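Please treat every number below as a calculation from the coordinates, not as lab data. Here the structure is a predicted model, which is why all the values come from computation and not from measurement. Backbone-built Cβ (ideal geometry, glycine too); neighbour counts: all protein chains shown.
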Amino acid sequence: MTLHDLARRMAAAALAAVDPERLVHAALAARPERWAAALALGKAAPAMARGAGAVLGPPGAARRLLVRTHATPGLLDPAWEELSGGHPLSDRRSLEAGGRVLRWLRELPPEATLLAMVSGGSSACVEALAGEITLEDLAATQRALLASGLPIHDFNAVRKHLSLFKGGGGLRASRGPVLALLLSDVPGDDPGTIGSGPFAADPTTFAAAHAAVAGLAVPERVRRRLAAGARGELPETVKPGDPELRRVESILIGSVATAAAAAAGEARGGGFAVATGDLAGEAAAAARSLVARGRALDGERVALILGGETTVTLGPDPGRGGRNQELALAAARELAGGGDGELVLALASDGEDGPTSAAGGIVDGASWEALERTGAEPAAALARHDSNRALAALPGALLQTGNTGTNVGDLAIYLRWQRGPARG
């Protein structure tokens, strides 16, 4: 078995461990409730809906509504009302879906028990705008935030304060008991950040959202709304301690830690000593850190597995890529000259890394020189954030999983199977 073989097996094990259908089924197997309604949101919505099928009964036994991203394959189950919305940018259908979800929640009687299943991607594909904010305002703000390199916490603070659904808005629209099953794609697994927390408390404020956009080119209507909220002129999102939260039970059913643990098990089965940790920061810097930390581990067979999410701050004329492909390309430079004794794999668990069809990349110590020989100019590609074009020049360097039906963030894996001399 080569390092490439092991890395791909680790990635497959990680994805299998965060299969939403299995996770939802396991979470509900011992629950005694009879559900009057079920709502599934985000990239994992169809799989989560399948997982809940056994406890919802025959068609008509419970009201069912699902909103997925356009790119996520549909459920094709007539028992579910199904809509889709845009991602990573909200679109007109996202607004239609958000309006429908709020009406649907308000129609539920007070005694109705609601099963709410929330996964990543729902922040964009389900939206109900507040005040005078328009879709064009929202799209321009989302583009500015995506290009800014700001962490997801700041990104979501802005989105929640432009929305009627996020930051506990879904809870305010409902009246009965809610069980929220959460599949996390965010660092820290905060219920208020997963899907922008439609059924959770929001610890962020208008003031924090206003500060987050201070240096960004966002529309004036957005800036005015956030400033007005910061002055106390607009009602805040649902805050910790709100009495409405007594109606909600939230359960985290899976996260990047679940995926990392499965990858670690596969590595240990191959005789590798394993270390784990968090993945964050700019993708290129994270690649340097990953390789340095991996090389610092003692042993002839070592694996370092990091889970989380990096960022990429785009310049004025970016190329095509994603944060995981950029991490892989930057890692190839760090590994250069090391042959096949070291490897880095970077994976987006949803199978979609940036606006590309790739899920990430896999490189070893020979990849950088191989890319240079192809004329791909990897150094220039890194500078332009053009990792997809560069990695595509090297057969096998791009990871292609297709849509995985799940979403728990990213994994970055470093493998080494022969202890060499100390490297700087």
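Return the whole-Å distance between the Cα centroid of the range 189-226 and the Cα centroid of the range 274-341.
The distance from the Cα centre of the range 189-226 to that of the range 274-341 comes to 29 Å.
Only bridges with both residues in the chain count here: give the DSSP antiparallel percent, nearest 5.
Around 40 percent of the beta bridges assigned by DSSP in the chain are antiparallel ones.
Using 7 Å Cα-to-Cβ label points, what is the Ala61/Ala380 separation (nm, one decimal)?
6.2 nm
Measure nothing but the geometry: give the 0 to 90° angle between the long axis through the Cα atoms of 283-295 and the longest principal axis through the Cα atoms of the chain, rounded to 10°.
Roughly 50 degrees between the two axes.
Taking amide H atoms as placed 1.01 Å from N in the peptide plane, list the residues 5 or more away in sequence, or in a different chain, whose amide H sits under 5 Å from that of Gly409.
It is Ser349, Asp350, by chain and number.
Pull out a ≥ b ≥ c, the square roots of the eigenvalues of the alpha-carbon gyration tensor of the range 208-307, then state rounded if a/c is under 1.5, prolate if not and a/b is larger than b/c, and oblate in the remaining case.
In terms of gyration-tensor shape, oblate.
Along the principal axes of its C-alpha atoms, what lengths does the range 34-157 span, in descending order and rounded to whole Å?
Projected onto its principal axes, the Cα set of the range 34-157 covers 46, 28, 24 Å.
Evaluate the charge dipole of the range 177-330 about its Cα centre and quote only its size in Debye, nearest 20, assuming +1 on the Cβ of each Lys and Arg and -1 on the Cβ of each Asp and Glu.
260 debye
Please report, in debye to the nearest 20, how large the charge dipole of the chain is about its Cα centre when each Lys and Arg carries +1 at its beta carbon and each Asp and Glu carries -1 there.
I would put it at about 560 debye.
Using square roots of five times the C-alpha gyration tensor eigenvalues, list the equivalent-ellipsoid semi-axes of the range 256-416 in whole Å, biggest first.
Semi-axes from the Cα gyration tensor: 23, 18, 13 Å.
Of the options Val363, Val291, Ala273, report the single residue whose Cα projects farthest towards the positive end of the charge dipole of the range 256-416 (beta-carbon charges: Lys, Arg +1; Asp, Glu -1).
After comparing all options, I get Ala273.
If each residue's Cβ is checked for other Cβ atoms within 10 Å, how do Glu282, Glu369, Glu326, Glu136 rank with the fewest at the top?
Listed from fewest to most nearby Cβ atoms, that is Glu136, Glu369, Glu282, Glu326.
Share of antiparallel DSSP beta bridges in the range 256-416, in percent to the nearest 5?
Taking every DSSP beta bridge within the range 256-416, about 75 percent pair in antiparallel fashion.
Could you tell me the relative contact order of the range 256-416? Use alpha-carbon pairs under 8 Å, at least six residues apart, and round to a whole percent.
Taking the mean separation of contacting Cα pairs over the length of the range 256-416, I get 28 percent.
If the cut-off is a Cα-Cα distance under 15 Å, which aspartates and glutamates reach Lys239, setting aside same-chain residues fewer than 8 apart in sequence?
Output for Lys239: Asp190, Asp202.
Can you compute the FRET efficiency between Ile251 and Leu76 using 1/(1 + (r/R0)^6), with r the Cβ-Cβ distance and R0 = 35 Å? Round to the nearest 0.05.
With R0 = 35 Å, the Cβ-Cβ based efficiency is 0.80.
Roughly how tilted is helix 3-17, in degrees to the nearest 10 and between 0 and 90, from the longest Cα axis of the chain?
Once rounded, one gets 10 degrees.
Give me the net charge for the shell around Asp340: Cβ to Cβ below 11 angstrom, other residues only, Lys and Arg +1, Asp and Glu -1.
-1
Answer rounded, prolate or oblate for the range 363-424, using the Cα gyration tensor with square roots of eigenvalues a ≥ b ≥ c: rounded when a/c is under 1.5, else prolate when a/b is larger than b/c, else oblate.
It is oblate, given that a/c is not under 1.5 and a/b is not larger than b/c.
Quote the relative contact order of the chain in percent (integer), defining contacts as alpha-carbon pairs under 8 Å separated by 6+ residues.
Reported relative contact order: 16 percent.
Length gain on complete extension for the stretch Gln418 to Asp242, per 0.36 nm per residue less the alpha carbon to alpha carbon distance?
57.8 nm
Percent relative contact order of the range 21-68, based on C-alpha pairs within less than 8 angstrom and at least six residues apart?
Result for the range 21-68 is 50 percent.
Could you rank the peptides 370-377, 40-47, 144-151, 27-34 by their average count of other C-beta atoms within 10 Å per residue, with the highest value first?
40-47, 144-151, 370-377, 27-34
Run the Debye formula on the Cα coordinates of the range 85-157, all scatterers equal and no solvent, and tell me log10 I(q)/I(0) at q = 0.12, 0.18, 0.23 1/Å.
Scattering profile of the range 85-157, log10 relative to I(0): -0.39, -0.78, -1.10.
Using the Cα centre of the range 1-154 as the reference point, and only Cβ charges (+1 on K/R, -1 on D/E), how large is the resulting charge dipole? Debye, rounded to the nearest 20.
In total the dipole reaches around 420 debye.
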